[in-house]
1. Which of the residues that make up segment 59-91 are more than 17 Å from Ile22 (Cβ to Cβ) and open to solvent by 40 Å² or more (accessible area, probe 1.4 Å)?
2. Filter segment 138-182 for residues that are open to solvent by 80 Å² or more (accessible area, probe 1.4 Å) and in contact with a Ser or Thr (Cβ under 8 Å, 6 or more places away or on another chain); which is farthest from Gly193 (Cα to Cα)?
3. Quick one: in segment 1-26, of everything that is in contact with a strand residue (DSSP E or B) (Cβ under 6 Å, 6 or more places away or on another chain) and open to solvent by less than 60 Å² (accessible area, probe 1.4 Å), which residue is farthest from Pro172 (Cα to Cα)?
4. Could you look through segment 244-258, keep only residues that are assigned to a helix (DSSP H, G or I) and over 17 Å from Ser64 (Cβ atoms), and pick out the one that is least open to solvent (accessible area, probe 1.4 Å)?
5. Please go through segment 216-258 and give me each residue that is of a type in the set (Phe, Trp, Tyr), under 21 Å from Val133 (Cβ atoms) and touching a Phe, Trp or Tyr at 6+ places or on another chain (Cβ under 7 Å), ordered by number.
6. Answer yes or no as to whether Ala241 is of a type outside the set (S, T, N, Q), at pLDDT below 95, under 21 Å from Val136 (Cβ atoms) and open to solvent by less than 90 Å² (accessible area, probe 1.4 Å).
7. I'd like the residue in segment 211-229 that is over 14 Å from Asp198 (Cα atoms) and assigned to a loop (DSSP other than H, G, I, E, B) and, out of all such residues, is modelled with the lowest pLDDT.
Amino acid sequence: MNELMAFLQSHASVRQFTDRQITAEEEQLIIETAQQSPTSSNLQAYSVITIRDQATKARVAEWSGNQQHIIDCPLFLVFCADLFRLRKISERAGYLCNSEYAEIFMVATIDTALVAERALMAAQALGMGGVMVGAVRNRIQEISNLLELPDLVYPVMGMSLGFPKAVPKVKPRLSLQAVRHVEKYHAEDVLAGVDEYDGRLQEFGHLQGREVQPEKYPNFQGPYTWSEHTARRMANDAPAALRPHMLEYLRKRGFLLK
């Protein structure tokens with residue numbers, strides 16, 4: 001495996017950081033590199049909010065499940081799907097902007113996710129580490145107000161970035177047998193590889209002490225595997241897991257109206 005491929009397979013989430021700061025030049029390089037991500041029709045339907053202010057990070061952390069790494073990281077990024085800029089361009093040109101369609105919402109969300117992934121890889125290439133934070137959607141209206149986001153802009157995810165205190169272990173992923181379908185989707189084989197992965201992840205020890213809603217499963221006796229964990233995650237009806245407010249929030253901001 002060449003050096004680049006090894007790097008691309010080296011990702012592990014980092015939540016503990018040293019006191020070393022991220023310079024303005026490093027921040028700029030991360031975002032400029034992220035901008036080279038693929039983008040549908042070159043629309044570049046995203047924006048990135050950079051946050052260093054401790055008070056702002058503290059509020060975001062509070063509304064994102066009290067995650068301490070948001071406060072501790074030297075740089076927190078919020079990746080936003082942004083159709084507001086495209087609407088302003090359309091208005092200036094005197095054209096209709098079809099921003100209310102589900103397809104355009106998907107374009108903006110996918111563009112944003114691609115940019116976030118590239119930003120994290122750029123940061124890792126500079127010796128940093130980080131973790132993506134979907135929990136910015138827990139209290140998404142409050143965070144939108146805090147960041148003064150206009151309509152047609154919403155936070156897809158946050159990201160804590162900094163220099164890691166320790167090199168984390170790379171978490172194993174499902175085998176190709178479980179995720180690759182040749183020529184067509186083979187629904188009958190969808191569970192192939194899951195049992196093997198259950199064993200590997202159990203050896204990794206990643207799920208110890210992380211049981212989902214154990215109080216709801218007092219009689220569970222089997223090994224707590226990835227598939228058990230995942231099934232419980234999909235059955236979890238807590239608001240923080242399902243975020244039932246999202247559809248109303250998005251529609252109020254002009255998304256998903258058609």
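1. Arg59, Glu62, Gly65, Asn66, Gln67, Gln68, Phe84, Arg85, Arg87, Lys88, Ile89, Glu91
2. Residue satisfying both the conditions and the ranking: Arg139.
3. For segment 1-26, the residue satisfying everything is Ile22.
4. This residue is Leu250.
5. Phe255, the sole residue that qualifies.
6. Yes; evaluated as a whole, the condition is true for this residue.
7. Selected residue: Gln221.
Listed here are the residues, each with its yes/no results for (1) of a type outside the set (Phe, Trp, Tyr); (2) within 18 Å of Asn145 (Cα to Cα); (3) without any contact (Cβ under 8 Å) to a residue 24 or more places away in the chain.
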position: Glu3; (1), (2), (3): yes, no, yes
position: Ile30; (1), (2), (3): yes, no, no
position: Gln44; (1), (2), (3): yes, no, no
position: Thr56; (1), (2), (3): yes, yes, no
position: Val60; (1), (2), (3): yes, yes, no
position: Asn66; (1), (2), (3): yes, no, yes
position: Leu86; (1), (2), (3): yes, no, no
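The values are calculated or read from the model by the stated rules, or taken from the named source; none is laboratory data. Note that the structure is predicted; figures quoted are calculated from it, not measured. Please note: Cβ atoms are built from the backbone with ideal geometry, for glycine as well, and neighbour counts cover all protein chains shown. Heads up: the accessible areas ignore ligands, DNA and RNA and are worked out on the full protein's heavy atoms, side chains in. Shrake-Rupley method; radii C 1.70, N 1.55, O 1.52, S 1.80 Å.
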